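A quick write-up on the structure given underneath.
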Amino acid sequence: MDGSLASSDPGPSFAKPPGSSGDSGPCASRSSGPGPEVEVRALVSMAGGLYPLARAEALRGLAAVVEKVGTSGGAVECCYGCAVELLRDEDQSIRLAAVRLIGLCAEKFAGREEVSGIGNGDQMDLIFLQLSSTARDMCMQVRIEAFNGLAKMQRVSEGVLLQSLSKKVIRTDTGSGSICKANKLPPKLIFPCAAGIFAHGIEDEFYQVRIAACKTLGALAKFSGQYAQKALDLLMDMMNDDTEAVRLQTLQTLFNMATYGYLSVQEKHMHMFLATLIDANAIVRNAARKILGLVNLPKLQMFRSALDGLITSLEKNPEEQDIYSILFSIGKNHGSFSANVAKHLAKEISTAPNGELILDKHRIQALLIVSISAPVSADKHKKLDIPSVIFSHAIPLLGRISSALGEDIIKDLSYLCHPSGMPFAEKGLMSGEGGRSEFWSVETMRGTHALIEKTRKETNCSDEVLIMGSMRLMLETVEETWAMRESCGIEEIRTILRTCKEEVKLIQLENSYAIGPTSLDILLEKLDTYVRRMKCCYTGLNRELEVQVLELVLLANLFRLSKFGVCSKLMLDKLHWIINQLDGLCADGSCEFSDFSNTVKQTFDANVIDGTLVVDICNFLKIFRLKPAKDFGMLNAASAVLQVLGNNSENPLPYICGLPVGVSFDISLSNISGHDRIWIRMNSGQSIQHAFLELSCFEGNDEVKSCSTVIPFYATPLACSFVLRVCLVIECPSGSICTHYEEHGGPRDSVVQLCDELNVYLVSTDTECKN
Amino acid sequence: MAIECLVLGAGQEVGKSCVVVTIGGKRIMFDCGMHMGYHDCNRYPDFARILAAAPETTDFTSAISCVIITHFHLDHIGALPYFTEVCGYHGPIYMTYPTKALAPLMLEDYRKVMVDQRGEEEQYSYEDILRCMKKVIPVDLKQTIQVNRDLVIRAYYAGHYLSKLKVLGAAMVYAKVGDAAMVYTGDYNMTPDRHLGAAQIERLKLDLLITESTYAKTIRDSKHAREREFLKAVHKCVSEGGKVLIPTFALGRAQELCILLDDYWERMNLKIPIYFSAGLTIQANMYYKMLIGWTSQKIKDSYTVQNPFDFKHVCHFERSFINDPGPCVLFATPGMISGGFSLEVFKRWATSDKNLVTLPGYCVAGTIGHKLMSGKPTRIDIDKDTHVDVRCQIHQLSFSPHTDSKGIMDLTEFLSPNHVILVHGEKPQMAFLKDRIESELGMSCYYPANNETVSIPTTQNMKISATEKFITNCAALQARDSLQKSDLISSIHLSGVNEDERLAEGILLMEKSKAPKILCEDEFLKLLGTDRHSVQFEPLLPSRIEEAEAAIVDDLTSE
């Protein structure tokens, strides 16, 4: 009666599904039938039997039952009592099973406390002590199991925890003494059995035990701050362990503790941390860094030594770019310390003789990153003034570090452009067509739309602020220069003033960027690229899709316009051309003009006064609705494969410095029609060279064409070796409006990359002879 | 039956371990050591007392069933040749393979020192040692040996190692006669080192545990902390361009430190050379390679892949390297800078404050190591004419060979014997440990002085047959219990389930020349041929109502 009740109602929310229970016990599979207490009764009597194997099997069966039943009911108590009795059995497999069973029972008890809300701390402490007493067992598996069980404990009192760390018996009233009295323990447990189990565990002969002890040390840290602190001392010692797995587990444990905020590092621990930062193993180094990025260092000295450690690590392993992001987050976590670093760095920069301060030095880069992280730190309420000279030095590094820092931080970093007054060449950073070449698929248009909406909001406010800020800075610079005129050479001052002048010109130009590229510029450029690719690289677009793509092009251009409110002739021409194209497509009535295009068209027809457009662009953006395309038809993506046979960094091509070198390429193009204009772009350092590909020389049909040809590269540098980056681009027709490349010999219109950049390795014949 | 335990040495002192235990008429001698502090007849255990305790015989061979040596330290084996060759014991002697391999070297070394240097009278000759060793029967770990019809012994791994001497193959010994069983620990270590594991033993039913108690009161801190300090000091020294001198004896500590440094070098990617002075590696690592089964788990694991004693960063030291510039680490013999190569190097290197000398935890008085450890001397006189200005840093590093008080308690708790006897320790500390064992573990504990005897009662198991009826009765009872239990389980609280002790009533019948057996009351009556008489008592308690009421009220309030 009672039995059927219990089996049909196995505890409300904490019951595990029967499938998850261990399959070792013979009774585990029988979920229906007489109910757990019959099983428990049978198994308990078996566990008291004569034969060790039967006893062990009975305990395993009980474990399976415990896993299956709910937290309520007496079965768990019954199993627990049985396990406690067998904890000191002569046979190690029985002890092992008993320890495992106690661990399971403890979990159930904890679950029950959670449900009822009534904690029975004494009971938990008692179980903790019982498990602890097996942590010094002579059998390795028992020790491991004991530690695993301890890791699952909940609500253990601090006294017991502290005792488990110290070999010396701590005699306190809250410690084990009172518990033993309260529960009338057998005399064996009065012995302070928890004493120093972790101290022993981390010195164990078997690394498996050490790993388990280490995990448990970390898992218990959440119950007591004092314990966490002392556990850290032990964990620090484990970083010297001779087994790599243990060291890694230690770092993992530390990382977990740091994530949950139980890690308070003290000065004496720094030595170990710094040692792991320069460990020979990359995984260890990486883990150590991650921890460092999370911890809170209470002293400036520790902060500085952590920075030094990271810098040393960076110097030894410059390929590990994530150090930059760790530096950034450390700086962010310690705002006032980073401000201090920034101050010192500023002094260093100002005192350094001209040209001495090399930005390529890892130390300077690292310190710059720490310095610029200060303003985004949590302690914003304190006023942290970072010298502006830091920002101006940090700007050139932005491109290099942004990839290491990740997208989120880039957004944060846009503030950098504001206070820095450095003239800045936009080419260096523009993503343009270089670098990435993910193919844009029609399906992701929805995503773009969201992105566009977001950008639009940011746009309006940021551009005004940017312009004002840079103007103000420029005026300041001029003032400063005036003051400098006595101390510095006239040449220098002239350069500065000229730079300022040019910059002002830049700002005045309607279609140019204020200063430096902002995140917005990058986004716009990306958008342009993607839209262009959609337009040029897909053949077989149907009419409807073509209209949509053109609308997107229109939209992208409007965004550029929205940046300044007024627009240049060039821009207007471009817009007109697009609208005309749209017109052409919709002329036969097969497609409809959308509201958006219509409005734009009308506005443009009406509002152009003296070649400028006076209209609120935002109005257009509001009307824009993206109609998801239903029918994509047969889309063919244009692509190309570019190869130089037999060339790699091991087998470079020979050349003579200063003379042209011929490189033979194997090119195959797919889905390129005869009237497309394909160029091969070669660049090395600053020099870019375009060569037009005569499609008539190619063999094959419209779908796949191929050809091998020798193309000369003229501007070989005076170096012993160099890498030529080669890429195939397709020209995007945009009427007769010339936008991008003014250099002669290159494509007139903007281009889209058709393949990844290929590296061609060349080596000077002189060096070859020497070797 | 009782266990008689006669302590001939190491009772309330450290030195000449020797305990003679009599179990069920079988006499076993555990260890046969000598005391290094005495140079007279006190150096050996007083063997005559064995004969005095065995009135039935007059020679040692028949008085003692076997001698068991736990490890090859002189304070555990030193008196063995004397006992066999001079006193004339010819019975079996057991020791582990490594002990058997290394013991003759130790004994011969000491004999030479005794005779050649001190000019003492020869107690036994080299031939005596060899003859003695021929009688030794080597045993393996966990190998059970039937010494004679009743006596069974088995050796367990004790993990003991001592820095200045070569200890490998130390064992704990389990001995059993009939139902009486005991363990003699010898010296052991409960904390593993890098090259030797921790002691390992099973949970056995024991009447007696005889354990060493060198560190009866001390609790050692973690070895990790010591290692960390050592590595930090060495790393700091070499990174500032200094040289590190590690004076060490050939076996044990050198290997331990070498494994430690080699690991650290690998991890930190250090390129600074570590040198072994000539002779150290060859002699030292040979034994370890030979006896790999006696080392720690890590060494065993890696042994199949590569020899862990072939160190990657360690190379041989040439004499000409002494004056070379640049940092390095050097292991040199002998350990306490008492002379030889380490002294030579010390004289050159001690004058620079960049350099470091690492000393072991213990140095014999009179050596330079001892002088360096006592205070911070700036000038050390080597002999009348030469002296050294000491400017180098000194780092002290102790790797302890014995288990600490925590380890003793852990082992005792794990083995849970009925009685404990402490040997090999100092009296006040032993008294302290005895109190702890008695109060915390509830075992009776003794620490006899030399030549005292402790007698310990043993458990004795008896085979008893039971009649069929008795068994059926018990089974019926148990079934009824289980029924009650099932009721208990289905109710929510079932505290009493595990506390019942399935009692069964019966009558034990022991007759002369018949095996004892248990039978039921009815059967017993039948056997006696009498009827059942029952006597009933009527309890008559004088009581007063008022008092009873008051008592009830008291009970209520107290609850």
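The values are calculated or read from the model by the stated rules, or taken from the named source; none is laboratory data. Note that this is a predicted model, so its numbers are computed, not measured. Because the Cβ atoms are built from the backbone with ideal geometry, glycine has one as well, and the counts that use them run over all protein chains shown.
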Picked from segment A:165-197 (must be under 18 Å from A:Met138 (Cβ atoms) and part of a helix (DSSP H, G or I)), the residue modelled with the lowest pLDDT is A:Lys188
Set A:Asp322, A:Asp308: member being more than 14 Å from every other protein chain (Cβ to nearest Cβ), within 24 Å of the chain's Cα centre (by Cα) and surrounded by fewer than 17 Cβ atoms within 10 Å (Cβ to Cβ) | A:Asp322
Residue hits (segment B:433-446; away from chain A (no Cβ under 13 Å) and either β-branched (Val, Ile, Thr) or surrounded by fewer than 23 Cβ atoms within 10 Å (Cβ to Cβ) (or both)) are B:Lys434, B:Asp435, B:Ser444, B:Cys445, B:Tyr446
Within segment B:465-490, track down each residue that is assigned to a helix (DSSP H, G or I), more than 10 Å from every other protein chain (Cβ to nearest Cβ) and at pLDDT 65 or above.
-> B:Glu468, B:Lys469, B:Phe470, B:Ile471, B:Thr472, B:Asn473, B:Cys474, B:Ala475, B:Ala476, B:Leu477, B:Ala479, B:Arg480
Report those helices (runs of 4 or more DSSP H) wholly inside segment B:226-326 carrying at least 2 residues which are surrounded by 20 or more Cβ atoms within 10 Å (Cβ to Cβ), of a type outside the set (D, E, K, R) and at pLDDT 65 or above.
-> B:253-268
Scan segment B:389-417 for residues that are in a loop (DSSP other than H, G, I, E, B), within 14 Å of chain A (Cβ to nearest Cβ) and modelled with pLDDT of 85 or more and jot them down.
-> B:Ser416, B:Pro417
If we ask which residues in segment B:211-225 are touching a residue at least 40 places away in the same chain (Cβ under 8 Å), within 11 Å of chain A (Cβ to nearest Cβ) and not in a loop (DSSP other than H, G, I, E, B), their number turns out to be 1
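Okay, residues lined up against (1) touching a strand residue (DSSP E or B) at 6+ places or on another chain (Cβ under 6 Å); (2) modelled with pLDDT of 70 or more; (3) more than 20 Å from A:Leu545 (Cα to Cα); (4) not in a helix (DSSP H, G or I):
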| site | (1), (2), (3), (4) |
| --- | --- |
| A:Val566 | yes, no, yes, yes |
| A:Glu592 | no, yes, no, yes |
| A:Val600 | no, yes, no, no |
| A:Lys622 | no, yes, yes, no |
| A:Asp631 | no, no, no, yes |
| A:Ala640 | yes, yes, yes, yes |
| A:Gly646 | no, yes, yes, yes |
| A:Glu650 | no, yes, yes, yes |
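Residues A:Ala221, A:Ala231, A:Ala245: which one is hydrophobic (A, V, I, L, M, F, W, C), surrounded by 22 or more Cβ atoms within 10 Å (Cβ to Cβ), more than 23 Å from the chain's Cα centre (by Cα) and more than 23 Å from B:Glu229 (Cβ to Cβ)?
Values: A:Ala231 fails: more than 23 Å from B:Glu229 (Cβ to Cβ); A:Ala245 fails: surrounded by 22 or more Cβ atoms within 10 Å (Cβ to Cβ).
That would be A:Ala221, the only listed residue that is hydrophobic (A, V, I, L, M, F, W, C), surrounded by 22 or more Cβ atoms within 10 Å (Cβ to Cβ), more than 23 Å from the chain's Cα centre (by Cα) and more than 23 Å from B:Glu229 (Cβ to Cβ).
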For A:Met257: the one exception among (1) closer than 22 Å to A:Val160 by Cβ; (2) more than 14 Å from every other protein chain (Cβ to nearest Cβ); (3) surrounded by fewer than 24 Cβ atoms within 10 Å (Cβ to Cβ) | (3)
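At negative phi, within 32 Å of the chain's Cα centre (by Cα) and within 14 Å of chain A (Cβ to nearest Cβ), is that true of B:Glu229?
When the stated conditions are applied, B:Glu229 passes them.
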State all residues of segment B:106-148 that are in contact with a helix residue (DSSP H, G or I) (Cβ under 9 Å, 6 or more places away or on another chain) and buried (at least 18 other Cβ atoms within 10 Å of the Cβ); if no residue qualifies, say none.
-> B:Met106, B:Leu107, B:Arg111, B:Gln123, B:Tyr124, B:Asp128, B:Ile129, B:Cys132, B:Met133, B:Val136, B:Val139
Name every residue in segment A:746-760 that is crowded, with 20+ Cβ neighbours inside 10 Å and closer than 10 Å to A:Leu642 by Cα, in order of residue number.
-> A:Leu754
When residues of segment A:242-254 are filtered for being more than 11 Å from every other protein chain (Cβ to nearest Cβ) and either touching a strand residue (DSSP E or B) at 6+ places or on another chain (Cβ under 9 Å) or of a type in the set (A, V, I, L, M) (or both), how many remain?
-> 4
Before we move on, is A:Lys268 of a type in the set (D, E, K, R) and either touching a residue at least 60 places away in the same chain (Cβ under 8 Å) or over 26 Å from A:Asp308 (Cα atoms) (or both)?
-> no
Segment A:208-241, residues that are more than 15 Å from A:Ser264 (Cα to Cα), within 13 Å of another protein chain (Cβ to nearest Cβ) and not aliphatic (A, V, I, L, M) = A:Gln208, A:Arg210, A:Cys214, A:Asp237, A:Asn240, A:Asp241
By residue number, the members of segment A:270-287 that are within 12 Å of another protein chain (Cβ to nearest Cβ), buried (at least 17 other Cβ atoms within 10 Å of the Cβ) and hydrophobic (A, V, I, L, M, F, W, C) are A:Met270, A:Met272, A:Leu274, A:Ala275, A:Leu277, A:Ile278, A:Val284
